[in-house]
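S.K.: Dropping a structure here in structure tokens format, bear with me for questions.
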Amino acid sequence: MKSSGKAWKFGDGISTDHIAPGRYFHLRSDLPELAQHVLEDARPEFASRVQPGDFVVAGRNFGQGSSREHAPAIIKLVGVSAVIAKSFARIFFRNSINVGLPPIVLDTDEIDEGDELELDLAAGKLVDKTNGKEFAFSPPPPVMSVILNDGGLVEHIKKHKGFALGDS
């Protein structure tokens, strides 16, 4: 998977409540409506200004807090191509894979707000076109790559009429 877009920079400790505010819990069955509020408590303008292909770039422990499986889903729904962070909460990381949103573990200190980024997930390479820096990361293992390439776990199961992770 290759993608390019702008960096939206966030700090450490962005929780699932920052991503999918609890006051909108009643919208959890209407993901497009809930997505209009994605990351609203961290950046009120994010949902209205993010563009398809853009990246969420964050610090440590992104997605901490309660297990809101719709949190990564609404990030993906607004067009974010990947979340790049120093570290992730374990359940958010897995939920991201399950919905087809790549979580990239990388030191984000040298990426600034608004930088133009180019991601090659399979090669484990991120290029910051704004400052000319290249970053290497461990690409997802084959099993996760298959799920991500299929658009998430549900789409993978539909495509393969079951849970097949080998070559097909």
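S.K.: When the helices in the chain are scored as -39500 (n - 2.57) per DSSP H run of 4 or longer and the sum is shared across all residues, what 222 nm value do you end up with, to the nearest 500 deg cm²/dmol?
M.R.: Calculated at 222 nm, the ellipticity per residue is -7000 deg cm²/dmol.
S.K.: In addition: Given labels modelled 7 Å from the Cα in the Cβ direction, how far is it in nm from Glu134 to Glu110?
M.R.: Each label point is offset 7 Å from its Cα along the Cβ direction, giving 1.2 nm.
S.K.: Order by neighbour count: His26, His37, His70, fewest other Cβ atoms within 10 Å first, most last.
M.R.: His26, His37, His70
S.K.: Where does region 83-131 land on Rg(C-alpha)/(2.2 N^0.38 Å)?
M.R.: Numbers: Rg = 11.6 Å, N = 49, 2.2 N^0.38 = 9.7 Å.
After normalising by residue count via 2.2 N^0.38 Å, the value is 1.20.
S.K.: If you plug each phi of region 74-81 into the Karplus form 6.51 cos²θ - 1.76 cosθ + 1.60 with θ = phi - 60°, what whole-Hz ³J(HN,Hα) values come out, in order, with x for Gly and Pro?
M.R.: 6, 5, 5, 4, 7, x, 5, 8
S.K.: Right, something else. Relative to the Cα centre, what is the charge dipole magnitude of the chain, using +1 at the beta carbon of each Lys and Arg, -1 at the beta carbon of each Asp and Glu, and rounding to the nearest 20 debye? The partial results should precede the final answer.
M.R.: Details: 19 positive and 23 negative charges, 118 e Å.
My answer is approximately 560 debye.
S.K.: Tell me which residues come under 5 Å, amide H to amide H, from Ala42 once H is placed; ignore anything under 5 positions away on its chain.
M.R.: none
S.K.: In nm, to one decimal, how far is the Glu155 label point from the Leu31 one, both placed 7 Å along Cα→Cβ?
M.R.: Simple spin-label model gives 1.0 nm for this pair.
S.K.: Which of the GluC sites (Glu not before Pro) found in region 82-143 are in a DSSP loop and have at most 16 neighbouring Cβ atoms, other than their own, within 10 Å? Mind dumping the intermediate values first?
M.R.: Values: sites: Glu110, Glu113, Glu116, Glu118, Glu134; in loops: Glu110, Glu113.
Sparse-neighbourhood loop GluC sites (Glu not before Pro): Glu110, Glu113.
S.K.: Could you list the square roots of 5 times each eigenvalue of the Cα gyration tensor of region 2-140, that is, the equivalent ellipsoid semi-axes, sorted largest first and rounded to whole Å?
M.R.: Taking √(5λ) for each Cα gyration eigenvalue gives 23, 15, 13 Å.
Readers should treat all values here as calculations from the given coordinates under stated rules, not as data from a laboratory. Worth saying up front: this structure is predicted, and the values here are computed from it rather than measured. We place every Cβ from the backbone using ideal geometry, glycine too, and count neighbours over all the protein chains shown.
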